Amino acid sequence: MRLTITISILWVFFFELIAQSPDVSKPIGDTVYIRHPEDPIAINPILVVDDIDKIVTNQVFQYLTIVNPDRMQRVPWLLKRMPIASRDSSYYLCELREEASWDNGLPITAEDVLFTLKAIYNPFIPCTYLKEFFSGIEDVVIDKKDKKKFKIYVAQDIGENIIYPIPVMPRHFYDRQNDMAKFTLQQLKKEKDKLKNDPFLKNFATFFTDSTNIHNPSLIYGSGAYRVVKWIPNDEVVLERKVNWWGDKLKKYSELIFGAYPKRLIYKTVKEMSVTITMLKLGDLDLIYNIPAKEFTDIEKLDSNYYHYRTRKANTLAYSYLGFNIKPENRIPYFDDINVRRAVSYALPVDSMMKFILKGYGVRISAPGSPTKEISYNPNLPLYAYDIKKAKQLLKDAGWQDTDNDAILDKVVNGKKIDFVISLLINNLSPDNRKIAYLVTRSLGYVGIGVTVEEKTLSEYIKALQNHEFDMYLAENIEDADFQDPELFWHTKNWENKGANYTGFGNGSTDAFIETIKNGKNLNKAKFLYHALMSIIHEQQPCIPLWSPQNIIVASDRFQNFKAYTEFGGFPGINPANLWTPVEKQKYK
């Protein structure tokens, strides 16, 4: 217990150490017009479905903790300090900040935390991912003397990572008829079948998820620095800064997290990059992020002095890779031989491919993951060099030869001669996927492997992956800012149950590794085991890691404090609330 308390004290010290004293010369004012690629489906931390929604939602709502984008480490947000584990780690002590309050002056309390978790487990609320993610939370017990204090009880062998990203919504605002107050969290989790027709739960969910209510600014009520004042679907979402926001008192601890300077943040829905660039030229957009490399080369040609903008690059948690089907079911076993998988790795000029696709805005990777994630990415693994001669020799050693001189390798499998012509599965989300597929087809042709590209819509693509209907596939994953659970992609059960282990990697030994990593509470031990797992994956080659792209950001040069950080869910490499404009340069009043 003494060690745990010491760690907690160190967290507080760390949080104050990274603090920046607010500069009184930074005025509040001006408006930031931000390009948003899609209209949000919801501005609600329970109903958000992707990172696009989170970008807007995170300006309005807050969580117990937040990832500090400067160092990619968790720090308190609504909490006063990081949670303190009990001696047996069966529960975590939490205390909300004294300053934290809702707009009407009511304090944010543990009752709001408990209500939010109950809302997540309402059987009529469609948030399957959150229900699964928080499944290890068993109960929230509120201190009888101080409603700012509470204990979060967790299942055995569940680490504290599970409680960090809990969002907090106001019970008094959303549960106006006290429908959720009639149930305990344990009831909602353990009696799902019994409650599936409960009228009170249904009544709450109807109000909470009604499409009209979701888009009504007066029914969006959070604790962040901004409130929604206008939402015109497929046009714009207007956020306005609160006059007396409680977080202003905490800028001395972290300006990056609590600094909020623009009077308005206006998210403009602009789907086409060509239109985006035109709006940038006209001065109708102030901030653009996630610009594809090709379009950025067009922006680079503009005279930045004439158009008045600056650019930054941010690392991302995204990475691309080529996966093999190493457990083919009712398919030709092209890639069950590790030498064949290695041959394909040597046959691909990944450095040249990356230069062509990303125009230099990315980092090559040697393991499936983002190099930004130190706990999960092993930087000591070697890259596969481009070596056609070695690739051909490995294929020959595996029994593949061109016996009929048609430029395609062949082999006798189960008494029948087959040609080495594989299917490469891609989705149609990005034109870059077609370019990568072409480069793969071209490169493998040099070593005698034919490729048939199968392009599908995202839903068709995922279905084909889950049913193992491919020989190779191209994918891009985005890791969580927090601890990334390796079970999802690498545990054998997620091959058998049509989960996300699409390659078929793993055995009992690696499964045990994964379970130890997942349930571990010691991050240094988890890092050691995670790196060991990545070494095994690198050795077995179930996939070919390609690259991690960089996020390119453009902003008006009237803004100060234009800094780029690692992009992660709900944080596109920059927090527009941190931008401030000198009074003489403010464009909007």
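What follows is calculated from the coordinates using simple rules that are stated; it is not laboratory data. As the structure is a prediction and not an experimental result, all values here were calculated from the model. Counting neighbours? That spans all protein chains shown, and the Cβs are built from the backbone with ideal geometry, glycine included.
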Just need the relative contact order of the range 257-341 here, percent rounded to a whole number, with Cα pairs under 8 Å and 6+ apart. 14
For the range 455-589, just the Cα set please: Rg and Dmax, both in angstrom. 20.6, 66
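What number in nm² do you get for the chain if you take the convex hull of its Cα atoms and divide its surface by four?
Mean shadow area of the hull around the Cα atoms is 28.9 nm².
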Excluding residues fewer than 8 positions from Lys359 in its own chain, the lysines with Cα under 24 Å of it are Lys271, Lys281, Lys294, Lys301, Lys313, Lys373, Lys435, Lys563
Chain lengthening between Phe528 and Lys389 when straightened (0.36 nm per residue, less Cα-Cα): 46.5 nm
In whole angstrom, the spacing between the Cα centers of the range 430-483 and the range 487-561 equals 18
For the range 62-217, what does the relative contact order come out to in percent, with C-alpha contacts under 8 Å and a separation of six or more? 25
Can you give the relative contact order of the chain as a percent, counting alpha carbon pairs under 8 Å and 6+ residues apart? 20
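Mean residue ellipticity at 222 nm from the helices of the chain, using -39,500 (n - 2.57) per DSSP H segment of n ≥ 4 over the full residue count, to the nearest 500 deg cm²/dmol?
Numbers: 22 runs with 189 residues, N = 589.
Per the formula, -9000 deg cm²/dmol.
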At Val421 and Asp402, where each label point lies 7 Å from the Cα along Cα→Cβ, what is the point-to-point distance in nanometres? 1.5
So for each of 326-332, 529-535 I average, over its residues, the number of other beta carbons within 10 Å; can you give me the resulting order with the highest mean first? 529-535, 326-332
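For His172 and Lys144 in the same chain, what is the full-extension length gain: residue separation times 0.36 nm, less their Cα-Cα distance, in nm? Don't jump to the answer; show the numbers that get you there.
Values: separation 28, 0.36 × 28 = 10.08 nm, distance 1.89 nm.
Separation in residues times 0.36 nm, less the Cα-Cα distance, equals 8.2 nm.
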Just to be sure I follow: if Rg is taken over the C-alpha atoms of the range 62-217 and Rh is the Kirkwood radius over the same atoms, what is Rg/Rh? 0.96
How about Lys202: which lysines have a C-alpha closer than 26 Å to its C-alpha, ignoring those fewer than 8 places off in the same chain? Lys54, Lys118, Lys131, Lys182, Lys189, Lys190, Lys192, Lys194
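Report the rotationally averaged projected area of the range 318-549 based on its alpha-carbon convex hull, in square nanometres. Write down the numbers at each step before the final one.
Values: hull surface 50.3 nm².
For the Cα atoms of the range 318-549, the hull's average projected area reads 12.6 nm².
Going highest first, how would you order 296-309, 367-380, 161-174 by mean Cβ packing within 10 Å?
Working: 296-309: 13.6, 367-380: 19.9, 161-174: 21.4.
By packing density, highest mean first, the sequence is 161-174, 367-380, 296-309.
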